[in-house]
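*Asks:* Got a structure for you, questions after.
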Amino acid sequence: MSFASPLFLWFFMPATLLACLVLPARHRDGVVAAASLVFYTFGAGGYAALLLSAIAVNYAAGLALDSAWAAGRPRARRAVLLAAAGWDVAVLAVWKYAGFATAQAAALAAALGLGHLPVVHLALPIGISFFTFHHLSYVVDVYRGDTPAQRSPVAFVTYIAMFPQLVAGPIVRYHEIAGQLGAARADRLGDLAAGFPRFALGLAKKVVVADSLAPIADAAFAHPGGPVSTPTAWLGAVAYTLQIYFDFSGYSDMAVGLGRMLGFRLPENFDRPYSAYSVTDFWRRWHMSLSRWFRDYVYIPLGGNRRGAARTYRNLVIIFVLCGLWHGAGWTFLVWGCYHGALLVAERLLGFDRPPRAALAAAGRRAVTLLLVMAGWVVFRAPSMTEAAGMLRAMVTWRPGGLDEFAAYAAGHQRTAVLVLAAAVVVLPAGPPLGRLLECGRGRRARVARAAVSLVAAPVAAVLVAAGTFSPFLYYQF
């Protein structure tokens with residue numbers, strides 16, 4: 001069930017919000033937990049059993065870590081932590097990486113003449129990367145003593161399975177939301193009023209912009225006629241750069257808005273990332289909840305930047321190798337992660353991780369950063385490294401020919417206009433993100449923005465949804 005589907009928009013979401021509104025506040029967590037399990041089961045079917053088993057393991061681990069029995073047994077507590085984390089990582093490794101690993105092993109065996117090895121084929125449970133990181137956050141936070149274990153199984157299911165963020169984030173670290181569980185806010189109408197414009201903005205970004213750009217990017221990256229021309233390569237790179245931003249940030253806006261309507265404050269996930277003056281700054285602004293997760297649970301435990309330059313560079317590379325693999329089991333994702341890790345190391349070596357002082361230098365560095373990020377998106381999107389190399393080669397050296405006929409047909413006048421307007425939005429001077437202005441802003445500007453997305457953008461998006469023009473969110477596959 002997608003946020004941008006008629007079933008969700010006109011039945012599931014209103015029913016859930018109405019139940020939270022009319023039932024006593026103490027029942028909010030139960031309503032959200034039940035609705036979330038229905039939401040996940042509708043989309044994942046039998047994989048809901050996998051989610052429930054992971055919830056049971058980590059709930060029990062949290063109770064054990066915070067028990068009187070474990071208080072004086074540091075080795076036992078560590079063993080419980082390692083067992084729970086090992087379970088979580090094993091679930092992710094089997095379901096997400098077994099197919100890729102066995103395919104590489106089979107290819108190597110065939111190349112060496114060692115015979116045929118079987119390849120594992122497993123369907124990827126939706127949201128597995130996200131709920132695995134939520135579980136890891138929980139057991140680590142309890143182990144560290146950052147927060148007590150959650151005693152209520154209903155509240156724990158609410159944290160893990162909360163449908164606004166279950167399948168594509170933002171990644172909510174347990175200590176960020178622990179105080180909100182079991183503590184429903186009294187101003188439920190105020191939360192609805194604050195959250196709906198944010199949700200409407202996300203819906204419009206997804207349905208009106210991202211889904212208009214998707215056919216252009218798909219056609220440009222397919223190029224079935226052989227080598228891609230330079231115009232087609234650039235069109236595909238620009239279209240996908242805009243598509244993934246409006247798709248994923250649109251989902252995040254919808255998730256934050258839904259969370260607010262339910263009475264939860266979910267963390268922000270985007271802060272105008274294409275305004276970044278460096279790749280380091282880009283990762284402070286893009287998928288911020290993932291960056292913070294890796295910082296708190298991997299980078300800092302590895303030593304962060306406290307043990308000299310060489311260790312810092314090593315830690316950065318490790319983080320981005322893991323980041324690439326977290327996004328998907330494939331060489332393109334691994335290369336994309338290594339590429340960003342190398343860029344961050346290079347920026348630290350050259351001093352480009354610090355903000356520029358002059359306005360002209362800031363504009364130049366912003367342009368260079370956007371081009372570097374765009375090149376990374378080509379690798380991220382391409383079906384294989386061979387095709388990614390072909391696209392990048394066409395972008396940096398002239399490859400004759402006009403637009404591929406499929407890309408030209410996909411673009412059309414209307415989608416080209418959307419692409420130009422979307423590009424104009426992301427290259428505007430940096431400023432406060434519109435989502436936060438809608439949800440928390442005060443004054444005339446905020447009121448006008450809320451009216452615009454609620455009375456104009458949301459109805460337009462709803463018409464497009466009714467016409468069946470929506471598509472799954474890109475991050476559902478990760």
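The values are calculated or read from the model by the stated rules, or taken from the named source; none is laboratory data. This structure is a prediction, so every number in the text was calculated from the model and none was measured. With ideal geometry, Cβ positions are generated from the backbone for all residues, glycine too; neighbour counts draw on all protein chains shown. Heavy atoms of the whole protein, side chains included, go into the accessibility calculation; ligands, DNA and RNA do not. Shrake-Rupley method; radii C 1.70, N 1.55, O 1.52, S 1.80 Å.
Residues checked against (1) more than 18 Å from residue 136 (Cβ to Cβ); (2) part of a helix (DSSP H, G or I):
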site	(1), (2)
297	no, yes
302	no, no
310	yes, yes
332	yes, yes
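*Asks:* Separate question: Counting only residues that are among the polar types (S, T, N, Q) and within 14 Å of residue 213 (Cα to Cα), which one in the range 395-434 is most open to solvent (accessible area, probe 1.4 Å)?
*Replies:* Residue satisfying both the conditions and the ranking: 414.
*Asks:* Return the residues of the range 435-475 that are farther than 18 Å from residue 208 by Cβ, in contact with a helix residue (DSSP H, G or I) (Cβ under 8 Å, 6 or more places away or on another chain) and at pLDDT 75 or above; say none if nothing qualifies.
*Replies:* Residues satisfying the conditions are 445, 446.
*Asks:* Please note which helices (runs of 4 or more DSSP H) are completely contained in the range 359-455 and include at least 3 residues that are without any contact (Cβ under 8 Å) to a residue 60 or more places away in the chain and within 22 Å of the chain's Cα centre (by Cα).
*Replies:* 359-381
*Asks:* Every residue in the range 312-350 that is touching a helix residue (DSSP H, G or I) at 6+ places or on another chain (Cβ under 6 Å) and hydroxyl-bearing (Ser, Thr, Tyr), please.
*Replies:* 313, 332, 339
*Asks:* Output the number of the condition that residue 64 fails; it satisfies all remaining conditions of (1) surrounded by fewer than 19 Cβ atoms within 10 Å (Cβ to Cβ); (2) over 30 Å from residue 467 (Cα atoms).
*Replies:* (1)
*Asks:* Here is a follow-up. Suppose we filter 164, 125, 153 for residues that are open to solvent by less than 10 Å² (accessible area, probe 1.4 Å) and at pLDDT 90 or above; which single one remains?
*Replies:* Step by step, each of 164, 125, 153 is checked, and only 164 is open to solvent by less than 10 Å² (accessible area, probe 1.4 Å) and at pLDDT 90 or above.
*Asks:* How many residues does the range 78-91 hold that are touching a Ser or Thr at 6+ places or on another chain (Cβ under 9 Å) and crowded, with 20+ Cβ neighbours inside 10 Å?
*Replies:* Number of matching residues: 2.
Rundown of residues vs (1) under 21 Å from residue 292 (Cα atoms); (2) modelled with pLDDT under 90; (3) open to solvent by 10 Å² or more (accessible area, probe 1.4 Å); (4) not hydroxyl-bearing (Ser, Thr, Tyr), yes/no style:
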residue	(1), (2), (3), (4)
226	no, yes, yes, yes
238	no, no, yes, yes
254	yes, no, no, yes
261	no, no, yes, yes
264	yes, no, no, yes
270	yes, no, yes, yes
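*Asks:* Within the range 149-197, count every residue that is in contact with a Ser or Thr (Cβ under 8 Å, 6 or more places away or on another chain), under 23 Å from residue 23 (Cα atoms) and assigned to a loop (DSSP other than H, G, I, E, B).
*Replies:* 4
*Asks:* Among the residues of the range 306-316, is there at least one that is of a type in the set (D, E, K, R) and under 21 Å from residue 130 (Cα atoms)?
*Replies:* no
*Asks:* Right, another one. Might you let me know whether the range 349-370 holds any residue that is open to solvent by less than 20 Å² (accessible area, probe 1.4 Å) and over 22 Å from residue 243 (Cα atoms)?
*Replies:* Within the range 349-370 (the criterion being open to solvent by less than 20 Å² (accessible area, probe 1.4 Å) and over 22 Å from residue 243 (Cα atoms)), the answer is yes, since at least one residue qualifies.
*Asks:* With respect to residue 140, is the statement that it is in contact (Cβ under 8 Å) with a residue 40 or more places away in the chain and surrounded by fewer than 21 Cβ atoms within 10 Å (Cβ to Cβ) true?
*Replies:* Here the answer is yes, as residue 140 does meet what is asked.
*Asks:* Within the range 456-469, which residues are open to solvent by 50 Å² or more (accessible area, probe 1.4 Å), touching a residue at least 12 places away in the same chain (Cβ under 8 Å) and assigned to a helix (DSSP H, G or I)?
*Replies:* 460, 464, 466, listed by residue number.
*Asks:* OK, next. It is to be established whether one or more residues within the range 272-287 are over 30 Å from residue 178 (Cβ atoms), open to solvent by 30 Å² or more (accessible area, probe 1.4 Å), in contact (Cβ under 8 Å) with a residue 40 or more places away in the chain and outside any helix (DSSP H, G or I).
*Replies:* yes
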